[in-house]
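A.B. asks: Following this message is one structure expressed as structure tokens.
Read-outs throughout are calculated quantities, based only on the coordinates presented, and are distinct from any laboratory measurement. Please read all numbers here as calculations on a predicted model, not as lab measurements. Positions of Cβ are generated from backbone atoms using ideal geometry, with glycine treated the same way; all protein chains shown enter the neighbour counts.
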Amino acid sequence: METTRNARQGRFITFEGTEGAGKTTQIRLLKEYLDSLNIDALVTREPGGTEVGEQVRSLLLQHTSLAMDASSELLLMFAARAQHLAQIIFPALRAGAWVICDRFTDASYAYQGGGRGIPEAQIRAIECAVHENFQPDLTVLLTCAPETAMRRVGDRDEEKDRFESESAEFFRRVHAAYLKRVEQDRERFAVIDTEAKIEDVAAAVRQAVASRFSL
Ligand code: Z5A
């Protein structure tokens, strides 16, 4: 698998945050902004983004997988990711497109590491096997108060998935693990509070992208 930064011309932007932080909303608005600049941008998500990945996603999110072991969960996240990189992300970047991805490997550190308690070294070992030397050019971490996120998600009619059914304590650990990732790689992250109005958050995201890539 091709895993180096040099072989690509496109830009890789990832969005992270706990559920309800506003990733889907902000990714849509960023895509509109890039379209307005005639930048060819592809929007994708993890787990998922490919036929194989979407099947793995169903397995990971459904309640019938409640007995899933944390290590199995981690390996499935990276299995979907390996397929995603090979089939979608690397070819798009090589072709010069920008790729905006709803979650990537930071989510594995946050959910499987912080949330489930898998040691960081184990995650790093698998990360190295799947995409050594390849990291996003920019990661936008969207944050909001847990109560805000719960209210936003609670407003939806859909049934909760396996992750959404986790405890408030689980999500506190996930959030803390995200902040630790920021501490470890400050340059890569833009941390944006989403308590503000959607348009104001979108302006902050545009500003972060424009300044990172000199648009
Ligand atoms: N997972 C993992 O464990 N390990 C991994 O490696 C990976 C993933 C890659 C699926 O993620 C699950 O996979 C995820 C972690 C795990 N589970 N959780 N939790 P997902 O990204 O598909 O699902 P999600 O995180 O639950 O996304 P979400 O619930 O769709 O949230 P969101 O995209 O961040 O929020 P949104 O849909 O844009 O906004 C939610 C609502 O709030 C919506 O009605 C908006 O209109 C509203 N909203 C958004 N922003 C605002 C503001 N600023 N003001 C007011 N209202 C707002």
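A.B. asks: If contacts are Cα pairs under 8 angstrom and at least 6 residues apart, what is the relative contact order of the range 123-206 in percent? Before the final figure, lay out each step's value.
C.D. replies: Numbers: 41 pairs, mean separation 41.6, N = 84.
With pairs under 8 Å counted, the relative contact order is 50 percent.
A.B. asks: Hey, another quick one. Output the Kirkwood hydrodynamic radius of the range 59-163, Cα pairs only, in Å rounded to one decimal. The partial results should precede the final answer.
C.D. replies: Values: mean 1/r = 0.0637 Å⁻¹.
It is 15.7 Å.
A.B. asks: Taking Rh as the Kirkwood radius, which is the inverse of the mean 1/r over Cα pairs, what is the Rg/Rh value for the range 108-215? If you can, show how the numbers build up before the last one.
C.D. replies: Numbers: Rg = 15.7 Å, Rh = 15.8 Å.
That ratio equals 1.00.
A.B. asks: Can you give me the relative contact order of the range 58-215 as a percent, contacts being Cα pairs under 8 Å and 6 or more apart? Kindly include the intermediate steps, with their values, before the conclusion.
C.D. replies: Details: 113 pairs, mean separation 48.0, N = 158.
So the answer I get is 30 percent.
A.B. asks: How big, on average over all directions, is the shadow cast by the Cα convex hull of the chain, in nm²? List each step's numbers first, then the result.
C.D. replies: Numbers: hull surface 45.6 nm².
Spelled out: convex hull of the Cα atoms, projected over all directions, averaged, 11.4 nm².
A.B. asks: Please give me, ordered by residue number, the GluC sites (Glu not before Pro) of the range 156-185 that lie in loop per DSSP and have at most 10 other Cβ atoms within 10 Å. Don't jump to the answer; show the numbers that get you there.
C.D. replies: On the way: sites: Glu158, Glu159, Glu164, Glu166, Glu169, Glu183; in loops: Glu158, Glu159, Glu164, Glu166.
The qualifying sites are Glu158, Glu159.
A.B. asks: Dividing the alpha-carbon Rg of the range 1-119 by 2.2 N^0.38 Å yields what? Working shown, then result.
C.D. replies: Numbers: Rg = 15.0 Å, N = 119, 2.2 N^0.38 = 13.5 Å.
Ratio of Rg to 2.2 N^0.38 Å for the range 1-119: 1.11.
A.B. asks: Check which residues have an amide H placed less than 5 Å from Ala97's amide H, if you skip close sequence neighbours.
C.D. replies: Under 5 Å from the amide H of Ala97: Gly10.
A.B. asks: Could you give the dipole magnitude of the range 75-215 about its Cα centre, charging the beta-carbon of Lys and Arg +1 and that of Asp and Glu -1, in debye to the nearest 20?
C.D. replies: Numbers: 19 positive and 22 negative charges, 68 e Å.
That gives the range 75-215 a dipole magnitude of about 320 debye.
A.B. asks: While we're here: Take every Cα-Cα pair in the range 45-97 and report what % of them are more than 16 Å apart. Before the final figure, lay out the partial values.
C.D. replies: Numbers: 571 of 1378 pairs.
Of all Cα-Cα distances in the range 45-97, 41 percent exceed 16 Å.
A.B. asks: Then there is this: Please turn the phi angles of the range 89-106 into ³J(HN,Hα) values with the Karplus equation 6.51 cos²θ - 1.76 cosθ + 1.60 (θ = phi - 60°), one per residue in order, whole Hz, x for glycine and proline.
C.D. replies: For the range 89-106, the Karplus curve yields 5, 4, x, 5, 5, 4, 7, x, 7, 8, 10, 10, 10, 7, 6, 8, 5, 4 Hz.
A.B. asks: Still on this structure, I have one more. Which listed residue (Leu66, Gly117, Gly96) has the Cα farthest towards the positive end of the charge dipole for the chain, taking +1 on Lys and Arg C-beta and -1 on Asp and Glu C-beta about the Cα centre?
C.D. replies: It is Gly96, whose Cα lies furthest towards the positive end.
A.B. asks: Tell me which GluC sites (Glu not before Pro) from the range 25-133 have a DSSP coil assignment and no more than 12 other beta carbons within 10 Å of their own. Write down the numbers at each step before the final one.
C.D. replies: Values: sites: Glu32, Glu51, Glu54, Glu73, Glu120, Glu127, Glu132; in loops: Glu132.
The qualifying sites are Glu132.
A.B. asks: Can you show me the helix-derived [θ] at 222 nm for the chain, built from DSSP H runs with n ≥ 4 at -39,500 (n - 2.57) apiece and divided by the number of residues, rounded to the nearest 500. Spell out each step's value before the answer.
C.D. replies: Numbers: 8 runs with 98 residues, N = 215.
So the calculated ellipticity at 222 nm is -14000 deg cm²/dmol.
A.B. asks: In the range 1-102, what trypsin sites (Lys or Arg not before Pro) fall in a loop by DSSP, with at most 15 other Cβ atoms inside 10 Å? List each step's numbers first, then the result.
C.D. replies: Values: sites: Arg5, Arg8, Arg11, Lys23, Arg28, Lys31, Arg45, Arg57, Arg81, Arg94; in loops: Arg5, Arg8, Arg11.
Hits after loop and neighbour filter: Arg5.
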